[in-house]
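Participant: Below you will find the structure I want to go over with you.
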Amino acid sequence: MNDFSPLRDIPILIGSFFVLTAAVGVLRFPDLYSRLHASSKLVTLGSAGIFLGAALELTEAAAFTRLAAILLFQFLTTPLSAYLIAQAAYLRALPPRLSGPDEWNQLGRHPQPGDEPPREDPAD
Amino acid sequence: MRGLALNLLLAVTWALFAGQVAVRELLVGFLVGFGILALFPRALGSAGYVRRSVATLRFTGFFLKELSLANVQVALLALRPRPPLNPMIVAYPMRLEGETAQTLLAATITLMPGTVAMGFDDERRVLYAHAIGLPGAAEARDSIRRVEDALLPVLTRRATPEVHP
């Protein structure tokens with residue numbers, strides 16, 4: 001297992017590099033919203049590279065069908081969790097550090113625990 | 001869906017004639033069947049299916065290219081000494097309608113260079129996205145628009161909207 005096999009190892013190395021930069025990005029970026037860029041994009045492609053390398057090492061059909069399933073679910077779930085984290089943070093008034101505009105302009109619109117209870121709807 | 005059913009039927013037929021219903025024969029049969037559907041769209045009523053399949057393939061290629069670009073971009077930002085993040089939140093008025101289409105758009109832009117989807121307005125006509133590494137709001141909107149352009153032919157049934165009498 002000491003030999004270097006480019007077909008297997010290059011995807012794994014590239015994938016590991018992206019996962020490492022994801023960690024660096026999460027540490028260095030200034031706020032939650034910018035960190036989500038690192039943790040969503042970089043981890044998706046990084047883990048895809050690692051799984052691809054593993055499938056190329058195993059070289060059986062089942063490994064590739066599993067690879068396809070893993071990639072599909074990664075592409076579906078990673079953006080969803082990033083979306084939910086960003087939305088929850090924003091609507092609960094975690095201030096983003098911006099140098100450009102905030103065109104949403106609804107920061108903290110979500111009711112917080114301890115807020116006054118919402119007024120009763122007269123129709124109820 | 002009629003086109004897909006025909007294509008699967010042709011794949012099974014091919015595999016039966018090949019004498020072996022295995023993954024390889026089914027795959028070859030599927031490709032041959034797709035060729036037949038692309039050659040005779042009028043007779044088989046498969047024009048829409050062929051067009052959307054080609055659009056899906058195109059979108060997959062576009063997606064993989066942009067995903068790689070996005071990763072290189074964020075990796076560079078993460079490793080530079082003083083990254084020019086220029087973070088902002090932009091509003092993007094969507095042309096896509098329907099929950100599936102809009103969810104796909106939001107998921108895709110999160111994996112594209114510079115943007116992460118954050119929310120929709122109450123009427124679900126505007127998508128809000130956090131952007132980094134882009135010079136301005138106009139560039140961020142352009143980036144989302146390119147994703148939408150690639151998604152539109154995949155999700156719409158007709159190339160040009162027809163008027164129904």
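Participant: Within segment B:135-144, is even one residue closer than 18 Å to residue A:42 by Cα, part of a loop (DSSP other than H, G, I, E, B) and in contact (Cβ under 8 Å) with a residue 24 or more places away in the chain?
Facilitator: no
Residue-wise test of (1) more than 19 Å from the chain's Cα centre (by Cα); (2) over 30 Å from residue A:25 (Cβ atoms).
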site: B:5; (1), (2): yes, yes
site: B:16; (1), (2): yes, yes
site: B:23; (1), (2): yes, yes
site: B:30; (1), (2): yes, yes
site: B:35; (1), (2): yes, yes
site: B:43; (1), (2): yes, yes
site: B:60; (1), (2): no, no
site: B:63; (1), (2): no, no
site: B:72; (1), (2): yes, no
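Participant: Please work out if residue B:60 is within 14 Å of chain A (Cβ to nearest Cβ), in contact (Cβ under 8 Å) with a residue 12 or more places away in the chain, of a type in the set (Val, Ile, Thr) and in a helix (DSSP H, G or I).
Facilitator: No: the conditions fail for residue B:60.
Participant: Assuming residue B:20 fulfils every condition listed in (1) among the polar types (S, T, N, Q); (2) within 14 Å of chain A (Cβ to nearest Cβ); (3) surrounded by fewer than 12 Cβ atoms within 10 Å (Cβ to Cβ) apart from one, which condition is it?
Facilitator: Residue B:20 satisfies every listed condition except (2).
Participant: Being under 22 Å from residue B:90 (Cβ atoms) and surrounded by fewer than 16 Cβ atoms within 10 Å (Cβ to Cβ) narrows it down to one residue among A:30, A:79; which is it?
Facilitator: A:30
Participant: Identify all residues within segment A:52-68 that are surrounded by 17 or more Cβ atoms within 10 Å (Cβ to Cβ), without any contact (Cβ under 8 Å) to a residue 24 or more places away in the chain and either more than 24 Å from residue B:69 (Cβ to Cβ) or in contact with a Lys or Arg (Cβ under 9 Å, 6 or more places away or on another chain) (or both); write none if there are none.
Facilitator: A:55
Participant: Report yes if residue A:90 is hydroxyl-bearing (Ser, Thr, Tyr) and within 19 Å of residue B:113 (Cβ to Cβ), otherwise no.
Facilitator: no
Participant: Let me ask another. Exactly one condition in (1) within 25 Å of residue B:155 (Cβ to Cβ); (2) surrounded by 16 or more Cβ atoms within 10 Å (Cβ to Cβ) is not met by residue B:15; state its number.
Facilitator: So residue B:15 meets the others, but not (1).
Participant: A further question on this structure: Got at least one residue in segment B:1-12 being of a type in the set (S, T, N, Q), surrounded by 13 or more Cβ atoms within 10 Å (Cβ to Cβ) and closer than 25 Å to residue B:155 by Cα?
Facilitator: yes
Participant: Quick check: is even one residue across segment B:68-89 in a strand (DSSP E or B) and in the same structural domain as residue B:148 (by TED's automatic domain parsing)?
Facilitator: Checking segment B:68-89: at least one residue is in a strand (DSSP E or B) and in the same structural domain as residue B:148 (by TED's automatic domain parsing).
Participant: Okay, next question. How do the helices (runs of 4 or more DSSP H) wholly within segment A:1-109 filter down when requiring 2 or more residues that are more than 11 Å from chain B (Cβ to nearest Cβ), within 28 Å of residue B:83 (Cβ to Cβ) and not aromatic (Phe, Trp, Tyr): which remain?
Facilitator: Hits in segment A:1-109: A:6-28, A:43-58.
Participant: Might you check whether a residue that is touching a residue at least 24 places away in the same chain (Cβ under 8 Å), more than 18 Å from residue A:80 (Cα to Cα) and at the interface with chain A (Cβ under 8 Å from one of its Cβ atoms) occurs anywhere in segment B:91-112?
Facilitator: Within segment B:91-112 (the criterion being touching a residue at least 24 places away in the same chain (Cβ under 8 Å), more than 18 Å from residue A:80 (Cα to Cα) and at the interface with chain A (Cβ under 8 Å from one of its Cβ atoms)), the answer is yes, since at least one residue qualifies.
The values are calculated or read from the model by the stated rules, or taken from the named source; none is laboratory data. Treat the numbers as computed from the prediction; the structure is a model and nothing was measured. Using ideal geometry, Cβ is built from the backbone for each residue, glycine included, and neighbour counts are taken over all protein chains shown.
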